[in-house]
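Since the structure comes first, as structure tokens, the remarks are kept for the end.
The values are calculated or read from the model by the stated rules, or taken from the named source; none is laboratory data. Note that the structure is predicted; figures quoted are calculated from it, not measured. Glycine gets a Cβ as well: all are built from the backbone with ideal geometry, and neighbour counts include every protein chain shown. With ligands, DNA and RNA removed, areas are computed over all heavy atoms of the protein, side chains included. Shrake-Rupley method; radii C 1.70, N 1.55, O 1.52, S 1.80 Å.
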Amino acid sequence: MSNNTSGTTNKVNVPEAKAALEQFKYEVANEIGVPLKKGYNGDLTSAQNGYVGGYMVKKMIEQQEKMMADKSNS
């Protein structure tokens, strides 16, 4: 069992990236048509929120794969 008392398990591993990740989240939500806004988003479904997070991961993996391919081709 977790000792997390804040109710959230999301943690930015690189604090310097927090603002960029936040901006990326809103860009992804806009791109896929999820009406994410700053502040309260309790009106969104868990499916909508999950889709934003899943799509963020997909895009980050694609970017990393491109970087790895570029590195191996150089």
- request: From GLU31, GLU62, GLU27, grab the single residue that is among the acidic types (Asp, Glu), modelled with pLDDT of 95 or more and within 11 Å of the chain's Cα centre (by Cα).
  value: GLU27
Pair list, Cβ < 7 Å and 6+ apart or interchain, from segment 47-73 residues that are touching a residue at least 24 places away in the same chain (Cβ under 8 Å) and assigned to a helix (DSSP H, G or I) to residues that are surrounded by 12 or more Cβ atoms within 10 Å (Cβ to Cβ) and not aliphatic (A, V, I, L, M): VAL52/LYS25; MET56/PHE24; MET56/LYS25
- line: Quick count over segment 19-51, residues being farther than 20 Å from GLU62 by Cβ, open to solvent by less than 60 Å² (accessible area, probe 1.4 Å) and among the aliphatic types (A, V, I, L, M), is 2
